[in-house]
Each structure stands twice: as structure tokens, then as C-alpha cells.
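To keep things clear, I will list the structure first and then write my remarks on it.
The values are calculated or read from the model by the stated rules, or taken from the named source; none is laboratory data. On a predicted model such as this, the values are computed, not experimentally measured, just so you know. Glycine also receives a Cβ, built like all others from the backbone with ideal geometry; neighbour counts cover every protein chain displayed. The accessibility values were calculated without ligands, DNA or RNA, using every heavy atom of the protein model including side chains. Shrake-Rupley method; radii C 1.70, N 1.55, O 1.52, S 1.80 Å.
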Protein chains: 2
Amino acid sequence: MAAHSDDTRSNSARASAGNRLDPWYSSYADRSLGMRASEVRSLFAVANRPEVVSLAGGMPNIAGLPLDFLAEMSAKLIRDRGAKFLQYGGGQGEEEIRTQIVEVMRYDGIHAHPDDVIVTTGSQQALDLMTQIFINPGDAIIAEAPSYVGALGVFRAYQAEVIHSPMDDKGLIPEALEETLKRAEALGKNVKFLYTVPNFHNPAGVTMSLERRPQIVEICKRHNVIILEDNPYGLLGFDSEPLPALQSFDPDAVVYLGSFSKIFAPGYRVGWALAPHAVTQRLILAAESAILSPNMVGQLSIAEYLKTYDWFQQVKEYRGMYRERRDAMLESLTEYLPSSTWTVPDGGFYTWVTLPEGLDAHAMLPRAVTHRVAYVSGTAFYADGQGRDHMRLSFCYPTPENIREGVRRLGTVIEAEKELVTMFGAQERHEHGPVIENPSTETH
Amino acid sequence: MAAHSDDTRSNSARASAGNRLDPWYSSYADRSLGMRASEVRSLFAVANRPEVVSLAGGMPNIAGLPLDFLAEMSAKLIRDRGAKFLQYGGGQGEEEIRTQIVEVMRYDGIHAHPDDVIVTTGSQQALDLMTQIFINPGDAIIAEAPSYVGALGVFRAYQAEVIHSPMDDKGLIPEALEETLKRAEALGKNVKFLYTVPNFHNPAGVTMSLERRPQIVEICKRHNVIILEDNPYGLLGFDSEPLPALQSFDPDAVVYLGSFSKIFAPGYRVGWALAPHAVTQRLILAAESAILSPNMVGQLSIAEYLKTYDWFQQVKEYRGMYRERRDAMLESLTEYLPSSTWTVPDGGFYTWVTLPEGLDAHAMLPRAVTHRVAYVSGTAFYADGQGRDHMRLSFCYPTPENIREGVRRLGTVIEAEKELVTMFGAQERHEHGPVIENPSTETH
């Protein structure tokens, strides 16, 4: 699989294989060699310049938070409970916040016990821990096509094989999933879990229909494949309350991930996993090994915020703000990208654009940045080099005015590209191999 | 190596191998099977009862922190800089705190650049990331005998082989380290790094002498083994300023880990690694995959505290408090444990006790807890089942009065055990195999 998995060279032989820039190059683990810096990272530094409209990042807009309330609340927590607030906690996280998390999950139709919840350093860490406890190198994971770039990065770090299964505008397609699983089994793959973002998908912007949810659960259960349900945006629906989580159809078959980063604020880095009891116990052991315990400051602050503030009203304000931005995005797409198509998200942060035939989102990105607009190429969201005909546009962070201006610039770039393709053909632009982009500004 | 590393069973075959308590039992990765709940965890629940004096935990005593100052400071940060304070940051951590960390490390004789520092979720995460990027299953790590239980847990989670190298009261013995490395190489081991806690060792309580430091660096460099220098207690010396870090003798040969948990407060979970530039870059990639970014609230809070408070005066107050507790510990050991020996720490949290011949710290622990005193058995600090003749006593958290009472109780238990051993012999008490204890209250 990797270059020196059976390496029995002596340490001094290893030394001579180092290079001038990194004397430790030949000492790294196989898994580390799979972790690559993003090709577009330098581009993202440019994309963050003020004159560039970034439709690339996934940063929530937290300008509406009640800062005075939070300032008072934090000061009071330190004064009244400083000895606990500033101390270590247990590896599972505080019961105080786990109890609140159980309440938050009721909106998704979940009836859980705080004992089955583990608090993590954002839901990203829960993704990492799940992969750590389930995946041997070479094991397979089913993921939507496309899938969240940050999850693909974790799966790659643990040397998993990612098998994509197709979606349509109602999310993951049950019949296709069944086929994907059967094909994988026939090839002798050891499929460990299905990773899915059922609500307001990142990057596809679609939501799994109610009808399909129990079907997906049933299929996975029959194939003995646990479901990893990642739901950071679930409460951010623009037009309706959340559909019931996959977890609610069969709690033994699903590990559910949640996060406060989008419904409150990312600065505390607090997310969670809800898992079948025995799986939770293993997640706790892995978490204690990785970080000892999640940060107490974030846990107590968020628990207090949930208890003493009308947090759901804040969620509704977020919904209104993001809805306005989604509308600005869709309207300007209609105006400026007449030859492309896109998904229509009912919530969340993203729309998924299909470019006119022959255009290559990956190759086009430097030119877009030159025209002061940035996006993420569709290639970032596949493990296998697909996605050049797609781009993800995010409407979470820029103002509606900036979104319109950004899409206008993008329209100009796309029209110019179309002319080039018409004149010279698309062939030579596809010369680069598959690449996983992992932009540093990417969040979820 | 592990049960099903070459497992090609189908998913449904796996299903039938599940058990009633955990339907996913047969799906876990090999590394997960090595993570075990502590045998003494239930004991620790008892140990945390108020009537028990715990000389077991590693929790710092943070009662002396300036809560009013911190309350004001936090409120002001939220009011003035809320949009940054509550937002995501970069994977490496904020330059603001990395610059301060460089200043803190000057006390250890380190001259570093903020670019080479990565902020982590406590130094525990830095330990985890280092192991992740360097260790393939089966690779070897040299660690002191004994070594920090939390590090041994990480090494085990990555399926490393730990080879212990002996210490004396001046720390790791250079000649013995040379021997250990030669023997490992002769056996074809792929030794990736040396893990060492040079100052106020956990659990041994000793400090590596100045003379030995460049020798240890030279030996490791010659054998192409990178040094992982873990220094959470370095500033907590009772009688003198810190010795220069191993890092200061050769920055290319050492990854240095630091933490704010002991010199300020653990509640923010902020630690760091300083590494050679190329290693830092890999640590950042691994950290982004694991958690996206460290929590902003902790980073900005600690940076502000370091900038605006006389933090080194707070360190001096900690030193005074822990010195008084160390003194109480040593005096009562002399009084109540006449037939044991122990190390004399010049700083930090721990002393390492050698029991009278024939006594077994592991077997004795339940009886000690019955007598309302708790400690950690020496077996927790070895990867290979050694350490039954040792116990770690911590003097960081209980008051001097409680320390004296705890040691008095321990003396009673030890005297009673000695009588039992005299009457019945020690043989049958050693029947259990090697065990790594990983008490949930353990910190570092």
C-alpha cells in the first residue's frame, strides 16, 4: 500500500534517505505520507484578500450574536464557578452540557440519554475518533458523491478506501446504495461505515427525503454497516423544521454527530457524538488518549448559554440571515450563470454548480481569483478525482451585495472560459491527476 | 499482529461475530482493541469520594488564580473582539499566542520562531499528533522507565512497541540509552523517537542533569531518533530556575511540548509543540484533519492573560504552594513509611515510592482505598508489566494537612501488608498479567 510499510531498514539507513529540507523525511509513518498540503492553499491566502469575494469558505456569519449577554455570562461563570470552569474535566465531557445536547437533539426527533453522548473538539474530532476506532488501513467507507472535504481528509489520514455512492436532489439514492454495497462486497471490500450529511448537504446543498431515511437505515443494517450521520446544519432550514434524523429510526444502527459551530459559535470548538452505548465507551477511550478531555470553558459556557438565553430565537435569526443570502445567490446565478445549473438548498451554507460542458473548475480557479472571486473546485469533494465539472459556492459569509458581485465576476470568468474551450477544446486542461484539495479555510 | 488485520470476512460474516452487548464489536479497527478501560477506573470513582485522600490524581491546584481579573478580561475580549473570539481560526493556531509561547519558552533557553509553533488541545494532542505522523504499527519508541501513563496510552493506541530505558536520580542514563538503542537496532526494531520528560518527571519526580542533556541529544542524533521532549512542569521548580531544554542544544533534533495547564489553567485545553520546520508542517496537516483548529476562546484568553497580567508572579505563587505540599509529603513519608524509599522532587507534582520487598502496589490498592487513601500503582507507568514494587504519590491537589493524613493512612496499610507478606509470602499475589492502567482522572 504505502512506500515502506514493510520497511526493516536500520535507523542509520533511514537517515541517509532524509533530504536537505527535512532530515526526518524518511521517519514518517505511512499515514502521514498520505496527508498532503492543499494545492490551492496559497490561492486561498490570495482569496482572503479584501478585494476578493470569497464564495469558497464555510465560516458561519456570527455578527448577530448577543455579545453583551455573552460577556456578562462569561464573567459570571469565572467569578462564581472559576475553580471548575478553569479545571480539567472528564473525557466524556460534562453531564451538564450532555443533558443540554439531548434537548437540542429533540428537534431532530432523537430521544437519547446523556450517558450515550460524548463531547468533542468540534464534530470534526468525532469524525476523527469514529474513523480511528473503526478503520484499519484498506477498509472501505461509503460516502456520498460528492462528500465533505474535511471528512475525506480524515478517511485518507487513516488510509481508508472511499467508495462514492450517488445522490440526486432527494439525497443518497437507496437503490444505488444497495448496488454500491453489493459491488463492494463482491470485490471483498471490508465496508465499515456509511458517511452521510443528510441535511443541507456540504457541498451538494440537497436534503435526504423523509421517505428515503428509513430505507437507507434498513439497507445499511442489512449489510452490517454502521451509519455516521453528520448533521451540523440541521437546524438551519429556511422553510421548515428538521426532518427526523436517521438515528431516530434505529439508534443502534447510527452514530450521530452534532456541532454548536453553526447554530451558536465555532470559537469554543464544541461538538458531540451520540452513539450506541458500547461505541460511545470506545469513543471515550480514544478521546482520552487524544486530548484527555474537551475544554471546560467551552462546555460550561455553551451549557449556560443554552440554559439562560433564548438560543432557538438566535437560530431563527441565523435562518433569516442565511435565507436572504441564499436568495441573493440563487437570483444572481440565474442572472449571471445562464449556461450552468445548480442545486436549490432549503437550508445550510452551500449550492453545488454544474458547469457548462468542457469547463474545468479546478483549472479555472486561478483565473477566477485573478478576477477577484473564489470558490472551491468540485474535485475537492471526491476521493477519486471526479468533480472537475462542478464547483461549490457558499453563501454563508459574504453579504448579499457581495454575493451578487461575486457571482457576477464568476459569470464573466465562465463566459471567457467557454470561449476558450470553443476555440481550443477542453482536452489538454485535464492533464493533471486526481487531487484532494483541503483548503485551510474549510470548515463544516 | 492483531486479531483480524488480514480479515477478509464479508460484512455479514462480521455481523454474526458481534455480541449481545455490542453489535459492532467485530467491526472495530485493530488499534481500538488495544484501547482498554482501566481496571482501576471504578476504584477511582470511589477514590474521588470526599472521605478518601487522593494522592493519585494529577490535577493542578488552581485556587490561587485571579478570578476577578480573568472575569473582566474575558468580558472585555467578548465585547471588543467577539467576532474573532467566537470564530474559527487557522489549524496552526493564532500568531498572537504563538508569539507569546515563544516568550514563555525563553525560560527554557529556547530561541524559536512563532512559525515553528503549533497550538494544540493540551500537550496531550501534540503527543497524539507526533505519534500519528511518526509511528507505523510495530515501530518502536524509547521511553523512560517509568514513563507518563497518558503517553503510554497514546503509543499503545498507535500500536507502537515501547522500549523502556532506565533512569536514576539524574534522569535518563546516557550509557544505558546507548545500550538500549544498540540492542533495539540489533533486533531490527524501527526506533522512531525517544519520549522523555526531563524536568520533575511524571511519575519519577527526578530531573535530568544539565551534564546529561547534550549527551542524550547527541546519542539520539547519532542513531537518527528524534526526541520528543515533554515539559509541562518545567517552570514549577521549587529551588531554581529551569535547566536549558534539550531543544536548546539542537533544535533540529527535538520536538518540544509545552502546556498552559500547570503554569496557568487546564480549563482552556491549550498546549503546544515546537518542532523543526518540516515536522511542524506535518503536525499542522494532522491537526487540521483531527480538529480543524484549536479553540479560539482559549487561545485569545491565554494570550491576553500573558500580555496583561504578571503571569510569572502567578507561577511563583504556584511554586510556593507546591513546595509547601512537597515538604508535607516528604516529612510524612519519613514519619509514616519508614520501610519504603522515595525520590525527592525539586519541582512538579510527584514522588515515586519504592515499597518494601514483597509488597505489590497493584494488589494493595483496593485495601488502600478501603483505608481511605488512593495512589497510582507503579504498573501504570510501564508498558511491560513492571512496577508492582512502586507507587506514584502526587502532592499537587490535596492540602498539606490532607497529604499528611493520607500518607499516615498509607503507612498503616503498608505495615499491615508487610505482616501479611511475612506470614504468607508474596508469591500468589503476582498471578495477574501485565496491565496498563489508564485512570480517567490522570492528567499531565
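Residue-by-condition table, conditions (1) surrounded by fewer than 23 Cβ atoms within 10 Å (Cβ to Cβ); (2) outside the structural domain of residue B:270 (by the TED database); (3) under 25 Å from residue A:261 (Cβ atoms):
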| residue | (1), (2), (3) |
| --- | --- |
| B:52 | yes, yes, no |
| B:55 | no, yes, no |
| B:58 | no, yes, no |
| B:70 | no, yes, yes |
| B:73 | yes, yes, yes |
| B:78 | no, yes, yes |
| B:81 | yes, yes, yes |
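Only residues that are among the β-branched types (Val, Ile, Thr) and facing chain A (nearest Cβ under 9 Å): list them for segment B:41-86, please.
Passing the criteria: B:62, B:78.
Out of (1) surrounded by fewer than 19 Cβ atoms within 10 Å (Cβ to Cβ); (2) over 30 Å from residue B:165 (Cβ atoms); (3) not polar (S, T, N, Q), what's the single condition that is false for residue B:106?
All conditions pass for residue B:106, except number (2).
Would you call residue A:261 within 22 Å of the chain's Cα centre (by Cα), assigned by the TED database to the domain that holds residue A:204 and either of a type in the set (Ser, Thr, Tyr) or under 22 Å from residue B:301 (Cα atoms) (or both)?
Yes, satisfied.
Across segment B:252-288, what is the total count of residues that are open to solvent by 10 Å² or more (accessible area, probe 1.4 Å) and either free of Cβ contacts under 8 Å to residues at least 12 places away in the same chain or assigned to a helix (DSSP H, G or I) (or both)?
The total comes to 6.
What tally of residues in segment A:306-330 results from selecting those that are among the aromatic types (Phe, Trp, Tyr) and buried (at least 24 other Cβ atoms within 10 Å of the Cβ)?
Total satisfying the criteria: 1.
Of all residues in segment B:172-205, count the ones that are among the β-branched types (Val, Ile, Thr), more than 14 Å from chain A (Cβ to nearest Cβ) and closer than 24 Å to residue B:128 by Cα.
Of the residues in that region, 2 qualify.
For a quick check of your reading: which helices (runs of 4 or more DSSP H) sit entirely within segment A:296-386 and have at least 2 residues that are of a type in the set (S, T, N, Q) and without any contact (Cβ under 8 Å) to a residue 40 or more places away in the chain?
So the answer is A:311-336.
State all residues of segment A:172-202 that are in contact with a strand residue (DSSP E or B) (Cβ under 8 Å, 6 or more places away or on another chain) and of a type in the set (Gly, Ala, Ser); if no residue qualifies, say none.
A:176, A:184
Do you know which of the residues in segment B:166-200 that are among the charged types (D, E, K, R) and in a loop (DSSP other than H, G, I, E, B) is surrounded by the most Cβ atoms within 10 Å (Cβ to Cβ)?
Per the criteria, the residue is B:189.
Those residues that are under 19 Å from the mean Cα position of the chain (by Cα) and open to solvent by less than 30 Å² (accessible area, probe 1.4 Å), I need them from segment B:344-357; list them, please.
B:345, B:347, B:348, B:349, B:350, B:351, B:352, B:353
Okay, residues lined up against (1) farther than 15 Å from residue A:36 by Cα; (2) among the aliphatic types (A, V, I, L, M); (3) touching a Pro at 6+ places or on another chain (Cβ under 7 Å); (4) not assigned by the TED database to the domain that holds residue B:99:
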position: B:255; (1), (2), (3), (4): yes, yes, no, no
position: B:278; (1), (2), (3), (4): no, yes, no, no
position: B:288; (1), (2), (3), (4): no, no, no, no
position: B:291; (1), (2), (3), (4): yes, yes, no, no
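Kindly provide the set of residues from segment A:133-151 that are open to solvent by less than 30 Å² (accessible area, probe 1.4 Å) and on the phi > 0 side of the Ramachandran plot, ordered by number.
Once the filter is applied, which keeps residues that are open to solvent by less than 30 Å² (accessible area, probe 1.4 Å) and on the phi > 0 side of the Ramachandran plot, segment A:133-151 yields nothing.
What do you reckon, is residue B:218 part of a helix (DSSP H, G or I), farther than 23 Å from residue B:112 by Cα, of a type outside the set (A, V, I, L, M, F, W, C) and at pLDDT 95 or above?
Answer is no for this residue.
Any idea which of (1) within 14 Å of another protein chain (Cβ to nearest Cβ); (2) of a type outside the set (Asp, Glu); (3) farther than 13 Å from residue B:272 by Cβ is the one residue B:129 doesn't satisfy?
Just one mismatch for residue B:129, condition (3).
With A:162, A:154, A:206 as the choices, which residue is surrounded by fewer than 20 Cβ atoms within 10 Å (Cβ to Cβ) and not acidic (Asp, Glu)?
Just a single option satisfies the conditions, and that option is A:162.
For the structure I just gave you, tell me whether residue B:112 is open to solvent by less than 10 Å² (accessible area, probe 1.4 Å) and more than 9 Å from every other protein chain (Cβ to nearest Cβ).
no
Could we say that residue A:144 is without any contact (Cβ under 8 Å) to a residue 60 or more places away in the chain and out of contact with any Lys or Arg (no Cβ under 8 Å at 6 or more places or on another chain) here?
No.
A quick yes/no check of all residues on (1) modelled with pLDDT of 85 or more; (2) buried (at least 19 other Cβ atoms within 10 Å of the Cβ):
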site: B:401; (1), (2): yes, no
site: B:410; (1), (2): yes, yes
site: B:419; (1), (2): yes, no
site: B:422; (1), (2): yes, no
site: B:427; (1), (2): no, no
site: B:430; (1), (2): no, no
site: B:434; (1), (2): no, no
site: B:441; (1), (2): no, yes
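Kindly indicate whether any position in segment A:307-324 is more than 14 Å from residue A:101 (Cβ to Cβ), acidic (Asp, Glu), assigned by the TED database to the domain that holds residue A:206 and in contact with a Gly (Cβ under 8 Å, 6 or more places away or on another chain).
No; the residues of segment A:307-324 include none that is more than 14 Å from residue A:101 (Cβ to Cβ), acidic (Asp, Glu), assigned by the TED database to the domain that holds residue A:206 and in contact with a Gly (Cβ under 8 Å, 6 or more places away or on another chain).
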